[in-house]
Every structure is written in structure tokens, then in C-alpha cells.
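Chemist: First the structure, then my questions, so here it is.
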Amino acid sequence: MRIDGQVDQDTWVGLVEASWRLGDRLLFLTAPNLRGDDVADLQSLLGRIGFDCGRVDGILGPLTAGALVDFQRNCGLVADGTSGPVTLKAIRRVSSQTGTGPGIATVRERDQLRTRSSSLRGLRVVVGQFGGLSALTRVLARELRLSGAVVISVDEPDARVQAGVANSFEADVYLGFESRPGEPSRISYYAVPTFESSGGRSLAERLVAGFGAVAGVAPCLHGMRLQVLRETRMPAVLVSLADVRRTVDLSTDVTAVVRSALEAWTAKPLEDRSNPPGPTL
């Protein structure tokens, strides 16, 4: 969301979702799906004890509801797919006996990254932009295709539509670009307090390092719950640029940075975290 000190609809929705704590309300499958930090906490707890909710995205969809029912059946509880006081107490009791592992979602993402192609050839990439950067993304898409990647471009301004396209395409990675005049440039990957995309962070770190060599860009790294990062099912990054005109003028340099970062990431998608960067949330 835009950092402008204004409480617009996106900001308000984000504040409401962040205000929920696990146990504040009953959680069950609804249409539209319930969203919030309490849902993310539930997904994280279930994932760590072996019940697959899919990605920890804070959205209570069919996978999360199914994992909840599976847990209830395994524990001899009423399998109604509702996280109420009795079910939540059981989840916390079992979770306290299993230690703190990375959870199914993290293990799955890491396994998929290790078994994926180690080069750009055949890599399925979605390149999206949210206005004003089509010239840059066209050049980038062309260069990636010349390197053997399978690329589609998306100019739809709706983040959910872009995420849906990437999911339907079964992309290996999503690269988004947006203009943020008056704000610091940043490169974001998906992260919430109980989960972060390992692949997204690794790619974002490589991009930050690469852009450091492009004069006038110098983005910072952020783990965020932005919609396009949250709803994509593959590693995803969003490049937010402050000086769009300069970036477009340097599109050749920017394209080279992104291509090099992707090449390095495909060769080694998971970085050694023995000396991790400082907090990004």
C-alpha cells in the first residue's frame, strides 16, 4: 500500500486484518473468505503439526478449512471445520508438543525450488506492471525470452487479477513493477510474522544487491503482505520505483540487473542465512 499517511480503503483493510488475534472470533469457511492475521496464525500452527493449509496467506479458503477438518477428525473432535475455543485449545496443546519447525508451506516451497530447473531456459515467468512502466517490462520480457524463459506480461492494474494470471500460468516466479513517486524505492517479498517466502526473499535480496550498482535506484528490502505477493502461489517480488523516468531511461541497465539476478537465483534459489540481513518487517 502507498506510504502517504492517508487512511484509504487498502490501508483500512490492512489495519482491520492486522487487528485480529487468534481466538478473537470463530474461524470457518465463508464466501468471501475470512482474512486476517488470526487466519495466518491458524495456518502456521496447523502447518507445523502436519496439516496442510497451503501457503500461509491469512485467507481462510478450502485448503485451510480442509486441514482444520482433518485435524479435528484426528483428535476426535466434532469435525465441523470451525476453529472455536475447543479446537483452538487442542491445536495449541498439540503444537506445544511438536517444537517449532518451518511448517509444511515452507518445506514445500524449498523442495520445489531445489527440484526446479537451474537455468533460465524453460523458466516460467510472469512480468507485471501497475502503470507507467510498460516500456521497461516489454524490454525485460523480450530479454528473458531470448534467454530461453517462457514469459507472459500483465498490465492489469488489479493486483488480484495479476496474481490470478500468474497462478493460472503456473509460473515459477512473478516479477512485478510499480511506480511510487515521492517514496523510497523498495523491493518487496511476501512475509507475515509467522511465515515468509524463502524463494521470494532470496530473489529480492539478489535484486537489491544488483540495483545497488545502478546509479539513482538503490532500493531497500522489505518483507510485506502486499496483495499481489500474498495471493501468488509462487516466489514473487514487487519492485517499487521512486524515479520512474530515470528508471525507464536506464531500462537496459535495469533489465541486465534483473536478468542476472534471476540467473543467479535459478542456479542457487536458497541462500545461506548464517548471517542474515537485519529485520525487514
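Chemist: What residue among G36, G212, G54 has the largest mean-square fluctuation in a Gaussian network model of the chain, using Cα springs under 10 Å?
Modeler: G212
Chemist: So what is the relative contact order of the chain, in percent, for Cα pairs below 8 Å that sit 6 or more residues apart?
Modeler: Reported relative contact order: 16 percent.
Chemist: Tell me the Rg and the Dmax, in Å, that the Cα atoms of the range 115-267 produce.
Modeler: 13.8, 41
Chemist: Could I ask something else about it? How many nm separate the modelled label positions at S168 and S147, each set 7 Å beyond the Cα in the direction of the Cβ?
Modeler: In this crude spin-label approximation the distance works out to 2.7 nm.
Chemist: Using a Gaussian network model on the chain with a 10 Å cutoff between Cα atoms, which of G182, G132, G200 fluctuates the most?
Modeler: Residue with maximal mean-square fluctuation among G182, G132, G200: G182.
Chemist: Are there trypsin sites (Lys or Arg not before Pro) in the range 89-164 that DSSP marks as loop and that have at most 11 other Cβ atoms within 10 Å, and which are they?
Modeler: Sites meeting the loop and neighbour criteria: R121.
Chemist: Kindly provide the helix-only [θ] at 222 nm of the chain, computed as the sum of -39,500 (n - 2.57) over DSSP H runs of four or more divided by all residues, to the nearest 500 deg cm²/dmol?
Modeler: Numbers: 11 runs with 126 residues, N = 281.
Computed mean residue ellipticity for the chain: -13500 deg cm²/dmol.
Chemist: Please give the residues of the range 27-57, grouped as numeric ranges, whose backbone N is less than 14 Å from a label point set 7 Å along the Cα-to-Cβ vector of A18.
Modeler: Residues 36-38 fall inside that zone.
Chemist: What number, in nm² with one decimal, is the all-direction average of the projected area of the convex hull of the alpha-carbon atoms of the range 9-101?
Modeler: On the way: hull surface 23.4 nm².
Averaged projected area of the range 9-101's Cα convex hull equals 5.8 nm².
Chemist: Determine by what factor the alpha-carbon radius of gyration of the chain differs from 2.2 N^0.38 Å, reporting the quotient. Working shown, then result.
Modeler: On the way: Rg = 19.5 Å, N = 281, 2.2 N^0.38 = 18.7 Å.
Working it through for the chain, the quotient is 1.04.
Chemist: Still on this structure: From the residues P193, M224, S147, which one has its Cα farthest along the dipole of the chain in the positive direction, the dipole being from +1 and -1 charges on Cβ of Lys/Arg and Asp/Glu about the Cα centre?
Modeler: Of the listed residues, the answer is S147.
Chemist: Nearest 5 percent is fine: what portion of the DSSP beta bridges confined to the chain is antiparallel? Walk me through the intermediate numbers first.
Modeler: Values: 8 of 29 bridges.
Given both bridge residues lie in the chain, the antiparallel proportion sits at roughly 30 percent.
Chemist: Under 18 Å from a point placed 7 Å out from the Cα of R246 along the Cα-to-Cβ direction: which residues of the range 197-220 have their backbone N that close?
Modeler: 208-220
Chemist: Give the Cα extents of the range 150-231 along the principal axes, in whole Å, largest first.
Modeler: 36, 31, 26
Chemist: Computed FRET efficiency, Cβ-Cβ of D253 and S134, R0 25 Å: what is it to the nearest 0.05?
Modeler: Numbers: r = 18 Å, r/R0 = 0.72.
Calculated value: 0.90.
Chemist: Continuing with this model, one more query. Among S240, S168, S188, whose mean-square fluctuation peaks in a Gaussian network model of the chain (Cα, cutoff 10 Å)?
Modeler: Looking only at S240, S168, S188, the biggest GNM fluctuation is shown by S168.
Chemist: Give, in nm to one decimal, the length gained when the segment between N33 and V107 is fully stretched (0.36 nm per residue of separation minus the Cα-Cα distance). Working shown, then result.
Modeler: On the way: separation 74, 0.36 × 74 = 26.64 nm, distance 2.51 nm.
Stretched out fully, the N33 to V107 stretch lengthens by 24.1 nm.
Chemist: So, one more: Two decimals, Cα atoms only, Kirkwood Rh: what is Rg/Rh over the range 24-67? Mind dumping the intermediate values first?
Modeler: On the way: Rg = 9.2 Å, Rh = 10.1 Å.
Taking Rg over the Kirkwood Rh, I get 0.92.
Chemist: In degrees from 0 to 90, rounded to the nearest 10, what is the angle of the helix 62-74 Cα long axis to the longest principal axis of the chain?
Modeler: 30 degrees
All of the numbers you see were taken from the coordinates with simple rules; none came from a lab. Predicted, not measured: the structure shown is a model, and the values here were computed from it. FYI the Cβ positions are ideal-geometry reconstructions off the backbone, even for glycines, and counts take in every protein chain you see.
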